[in-house]
Amino acid sequence: MRCLQSLSRIEIRFTIMKFSIIFHLSLLSLAQFALSEKQYRGCKVFTITSLANETQYNAVIDLQKVRGVDFWSEPSRKRYTDVMVYPDEQNNVEQYLAEYGIDYKVAISDVQGAVDKGKDLRSTRQNSQEMNWKEYQRLSVIHSWLDALAAHNPNIAQIGSIGRTTEGRDMKTIKLSSNLRKNNPIIFIDGGIHAREWISPAVVTYIIGKLMSFEPEDREIMANVDWVFLPVMNADGYEYTHTEDRLWRKSRSIHNGNDCIGVDLNRNFDFHWGENGVKDDPCANTYHGPYPFSEPESNATAKFMLANRNRIRAYITFHSYSQLMLTPYGYTEDLPDDYDQLEALGKRAIKALEEVHGTEYEVGAPSHILYSNSGSSRDFAKGVPEIKYSFTIELRDQGDYKFILPPQQIIPTAEETWEAVRVIARQVVQEASEEE
């Protein structure tokens, strides 16, 4: 009996020791995983506060050719320009800016430090399927949550798919309406076109959650609108930012003859493709692709819009950052014929947004208040399927955190944005009722 008891203690000690080894190996594995991610130690973000003349503007345009420089916003004489500079190029860039008398400030002194601070509990929650808005979620969590919503609410929510990404991921959508059998006008909302803009899918999923909370004041917009959400258009890129490179922007496609990967999906739509605010360089973050709709993600999104062109009354695409509500067009300074209506609705929407937390937004066409860009989903939606209300909403913030918005700001950002979306939805319902 003593021998059995002694053996039992040995087995217990062995089991504990084995568990300890496994636990420490797991920690080592997580550490190796963290080290495999691209590091930005010592990288700085310079904010160019103004470009006073054409000479300064052209000098900053030329700076885009330097490989150790990553423009987080396109050069603009209308707003600030953010540039991430790698350590080896910082002295050169500072001297270059000084030579042209260009004013700037250091907005982020260590990008990797900002990334580390902004990390959620990825290492301890890798296998979690719990949806919340206190941290940024992986694609699998978002998709599982959508599936669960539809499974528990089959009369209100329907799961769909508009296609597959380059790497074969599902471009999952969810359709919401308290009257799914009615041929309602559609509001189509997408997020995550640019992979590193994590706040975008977070806001889209929050809006889904708000609609599914069935608040009395939302009965009308649930009964008289078919809401279609694509929370993460660029699913490949979004996953890549969680595993390899937090600041990756583009898709993950590979095109023959190119050493660099990916295309800017928001420059790849076939409407004035390749004209302004794009790059022919496959290594550039704003590379428009080898041809329009070269990417399955942009192609599938456009096909959905075209297939539903007679029903989609509003298209909202979420990006970050800058706190802007952008109307068409980006490719030209010419405005749509109904710009006054777009601007008026946009101003009402941001007024509702600002009343929540006091966050200030601006409304206008990108070519007027930001910079020119062509081949965007917003311009395509207005120009080809002729969706009346087509908006890009550039979410928080205005420069303190930029793409690395802390998780603590997810809920306040989403709360205020939801109020803006409500205003647009009520306008759609009102116009639809007037047509009946």
By residue number, the members of segment 220-260 that are out of contact with any strand residue (DSSP E or B) (no Cβ under 7 Å at 6 or more places or on another chain) and of a type in the set (Asp, Glu) are 220, 236, 239, 244, 245, 259
(1) out of contact with any Phe, Trp or Tyr (no Cβ under 8 Å at 6 or more places or on another chain); (2) farther than 21 Å from residue 402 by Cα all hold for residue 55 apart from (1)
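Which of the residues belonging to segment 157-210 are polar (S, T, N, Q) and more than 19 Å from residue 134 (Cα to Cα)? Full working, then the answer.
Within segment 157-210, the subset polar (S, T, N, Q) is 158, 161, 165-166, 173, 177-179, 183-184, 200, 205.
Scanning segment 157-210 gives 158, 161, 165, 166, 173, 177, 178, 179, 183, 184.
Take the residues in segment 246-287 that are among the charged types (D, E, K, R) and closer than 22 Å to residue 190 by Cβ; name whichever of them is surrounded by the fewest Cβ atoms within 10 Å (Cβ to Cβ).
Within segment 246-287, the subset among the charged types (D, E, K, R) is 246, 249-250, 252, 259, 264, 267, 270, 275, 279-281.
Narrowing further to those that are closer than 22 Å to residue 190 by Cβ: 246, 249-250, 252, 264, 267, 270.
Working: 246: 24, 249: 24, 250: 29, 252: 23, 264: 26, 267: 28, 270: 17.
Result: 270.
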Pairing a residue in segment 180-194 that is under 12 Å from residue 226 (Cβ atoms) and assigned by TED's automatic domain parsing to the domain that holds residue 223 with any residue that is in a loop (DSSP other than H, G, I, E, B) and of a type in the set (Ser, Thr, Tyr), where Cβ atoms lie under 7 Å and the two sit 6 or more apart in sequence or on different chains, gives 184/177
Residue 34 fails exactly one of (1) modelled with pLDDT under 95; (2) farther than 19 Å from residue 196 by Cα, namely (2)
Considering only strands (runs of 3 or more DSSP E) wholly within segment 150-205, the ones with at least 3 residues that are closer than 14 Å to residue 317 by Cβ and out of contact with any His (no Cβ under 8 Å at 6 or more places or on another chain) are 186-190
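Among the listed residues 394, 362, identify the single one that is closer than 18 Å to residue 317 by Cα and free of Cβ contacts under 8 Å to residues at least 40 places away in the same chain. Can you show your working first?
Numbers: 394 fails: free of Cβ contacts under 8 Å to residues at least 40 places away in the same chain.
Of 394, 362, the one residue that is closer than 18 Å to residue 317 by Cα and free of Cβ contacts under 8 Å to residues at least 40 places away in the same chain is 362.
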Only one of (1) surrounded by fewer than 17 Cβ atoms within 10 Å (Cβ to Cβ); (2) basic (Lys, Arg); (3) farther than 25 Å from residue 278 by Cβ does not apply to residue 138, and that is (1)
Restricted to segment 65-102 and to residues being more than 29 Å from the chain's Cα centre (by Cα) and in a loop (DSSP other than H, G, I, E, B), the residue farthest from residue 286 (Cα to Cα) is 101
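Among helices (runs of 4 or more DSSP H) lying entirely in segment 359-436, which contain 3 or more residues that are farther than 16 Å from residue 207 by Cβ and within 20 Å of the chain's Cα centre (by Cα)?
Working: elements: 366-369, 377-383, 410-435.
Counting at least 3 such residues, we get 377-383.
Any chance segment 302-320 includes a residue that's closer than 19 Å to residue 196 by Cα, out of contact with any helix residue (DSSP H, G or I) (no Cβ under 9 Å at 6 or more places or on another chain) and modelled with pLDDT of 95 or more? Let's see the steps before the verdict.
Residues of segment 302-320 that are closer than 19 Å to residue 196 by Cα, as a first pass: 316-320.
This time we only want the ones that are out of contact with any helix residue (DSSP H, G or I) (no Cβ under 9 Å at 6 or more places or on another chain), so: none.
So far as segment 302-320 goes, no, none of its residues is closer than 19 Å to residue 196 by Cα, out of contact with any helix residue (DSSP H, G or I) (no Cβ under 9 Å at 6 or more places or on another chain) and modelled with pLDDT of 95 or more.
To keep it simple, each residue is scored yes or no on (1) touching a residue at least 60 places away in the same chain (Cβ under 8 Å); (2) touching an Asp or Glu at 6+ places or on another chain (Cβ under 9 Å); (3) assigned by TED's automatic domain parsing to the domain that holds residue 201.
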{"residue": "306", "(1), (2), (3)": "yes, no, yes"}
{"residue": "347", "(1), (2), (3)": "no, no, yes"}
{"residue": "350", "(1), (2), (3)": "yes, yes, yes"}
{"residue": "377", "(1), (2), (3)": "yes, yes, yes"}
{"residue": "385", "(1), (2), (3)": "yes, no, yes"}
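Name the single residue that is surrounded by the fewest Cβ atoms within 10 Å (Cβ to Cβ) among those in segment 378-404 being polar (S, T, N, Q) and at pLDDT 95 or above. Let's see the steps before the verdict.
Step one: filter segment 378-404 for residues polar (S, T, N, Q), giving 390, 392, 398.
Pick out the ones that are also at pLDDT 95 or above and you get 390, 392.
On the way: 390: 28, 392: 25.
Here the residue is 392.
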Out of (1) part of a loop (DSSP other than H, G, I, E, B); (2) basic (Lys, Arg); (3) under 27 Å from residue 141 (Cα atoms), the one residue 303 does not meet is (1)
Quick count over segment 255-272, residues being modelled with pLDDT of 95 or more and either part of a loop (DSSP other than H, G, I, E, B) or over 14 Å from residue 378 (Cβ atoms) (or both), is 9
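Output yes when any residue across segment 201-214 is touching a Pro at 6+ places or on another chain (Cβ under 6 Å), surrounded by 17 or more Cβ atoms within 10 Å (Cβ to Cβ), at pLDDT 95 or above and at positive phi, and no when none is. Give the derivation first.
Taking segment 201-214 as the starting set, the residues that turn out to be touching a Pro at 6+ places or on another chain (Cβ under 6 Å) are 201, 204-205.
Then keep just the ones that are surrounded by 17 or more Cβ atoms within 10 Å (Cβ to Cβ); that gives 201, 204-205.
From the residues that got through so far, the ones that are at pLDDT 95 or above too are 201, 204-205.
Adding the requirement that they be at positive phi leaves none.
No, every residue in segment 201-214 fails to be touching a Pro at 6+ places or on another chain (Cβ under 6 Å), surrounded by 17 or more Cβ atoms within 10 Å (Cβ to Cβ), at pLDDT 95 or above and at positive phi.
The values are calculated or read from the model by the stated rules, or taken from the named source; none is laboratory data. Note that this is a predicted model, so its numbers are computed, not measured. Neighbour counts are summed over all protein chains in view; Cβ atoms, including those assigned to glycine, are modelled from backbone coordinates with ideal geometry.
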